[in-house]
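The values are calculated or read from the model by the stated rules, or taken from the named source; none is laboratory data. All values reported here derive from a predicted model rather than from experimental measurement. Neighbour counts run over all protein chains shown; Cβ positions are idealised from the backbone, glycine included. Calculation scope for accessible area: heavy atoms of the full protein, side chains included, ligands and nucleic acids excluded. Shrake-Rupley method; radii C 1.70, N 1.55, O 1.52, S 1.80 Å.
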Amino acid sequence: MIIKELLNRAFMQIDDTGHETYTPYKLLEFYNEGNHLLNHLLASVFPSYVKRTYISTGIGKVELPTNCIAVLKVTADGQEIDDYTVSQLKNIAFDADAEETIEVEYVPTVDYMMLDGESGYIAEIETMLVDYIVYRVMQMDINGLVAMWQARLSELANQSGGNTGVVMARGYYDYGGQRTDYGD
């Protein structure tokens, strides 16, 4: 869906709350904020949804086409490399003696989106971003929203076979020993 349409969905939810003075560009800022947060959650809970693969040849070095927030796997001539370093969010290096075909699975950073841009997400994830915009405008607690996001993303990962073995908490005990449950 086009970002402008997602912002309209959010605006319809905040329209009669006294917060209708927010401009589309302020809502776009909240969208981009939520998109970056969501990308980090996707990288940890459902990396198969956002991962990219880059293949190149070299002698123990490769530069990714974009910055990344996580490197999931590095292979050289089909052999997985465990001892590698990542610098400047896009340069990967490891010990090698000869030129090899290097394959890197990574999670890229997300770009700043414009009003006419396409979100690129499925409807369930777009709804999560609309929720984020509404939460920010209404100045609600984002912690509960993020917990709900983690549960939803974990569910999506399980349904698609991309389960990473992440255990999602349903609540916590505070210092006084009182149990606080996250909203379902």
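Could you tell me the center-to-center distance, by alpha carbons, between the range 27-97 and the range 100-160 in angstrom?
For the range 27-97 versus the range 100-160, the Cα centre distance is 17 Å.
How high is the relative contact order of the range 1-96, given as a whole-number percent (alpha carbon pairs under 8 Å, six or more residues apart)?
19
Along Cα→Cβ, 7 Å out, is where each label goes; now give me the distance between the ones at TYR112 and ASP15 in nm to one decimal.
With each label placed 7 Å out from Cα toward Cβ, I get 3.0 nm.
Could you list which residues have their amide H under 5 Å from that of LYS73, counting only those 5 or more apart in sequence or on another chain, with H placed in the peptide plane?
Placed amide hydrogens put GLU105 under 5 Å from LYS73.
So what is the accessible area of the chain per residue, in Å², with the probe set to 1.4 Å? Write out the running numbers ahead of the final one.
Values: 10760 Å² over 184 residues.
Per residue, the chain has an accessible area of 58 Å².
Assuming a ≥ b ≥ c are the square roots of the Cα gyration tensor eigenvalues, decide whether the range 60-168 counts as rounded (a/c under 1.5), prolate (otherwise, with a/b larger than b/c) or oblate.
prolate
What nm distance separates the two modelled labels at ASN91 and ASN39, each placed 7 Å from Cα along Cα→Cβ?
Once both label points are built, they end up 2.1 nm from each other.
Compute the helix-to-body angle for 24-45: its Cα long axis versus the longest principal axis of the chain, expressed 0 to 90° and rounded to tens.
With rounding to tens, the tilt is 50 degrees.
What lysines could a cross-link reach from LYS61, if we take a straight Cα to Cα line under 23 Å and drop same-chain neighbours fewer than 8 places away?
Cross-link targets: LYS51, LYS73, LYS90.
Return a whole-number percent for the relative contact order of the chain, with Cα pairs under 8 Å and 6 or more residues apart as the contact set. Intermediate results must be reported in sequence, preceding the final value.
Numbers: 254 pairs, mean separation 53.0, N = 184.
With pairs under 8 Å counted, the relative contact order is 29 percent.
Using a cut-off of 13 Å between alpha-carbon atoms, which aspartates and glutamates can reach LYS4, once sequence neighbours fewer than 8 places away in the same chain are excluded?
GLU29, ASP116, GLU118, GLU126
Taking Cα Rg over 2.2 N^0.38 Å as the quantity of interest, determine which of [x] 1.37; [y] 0.98; [z] 1.24 was computed from the displayed structure.
Structure-derived value, by its label: [z].
Using 0.36 nm per residue, how much length does the chain from ILE59 to ASP83 gain when fully extended, once their Cα-Cα distance is taken away? Provide the component values of the computation, followed by the final result.
Details: separation 24, 0.36 × 24 = 8.64 nm, distance 1.46 nm.
Computed gain between ILE59 and ASP83 is 7.2 nm.
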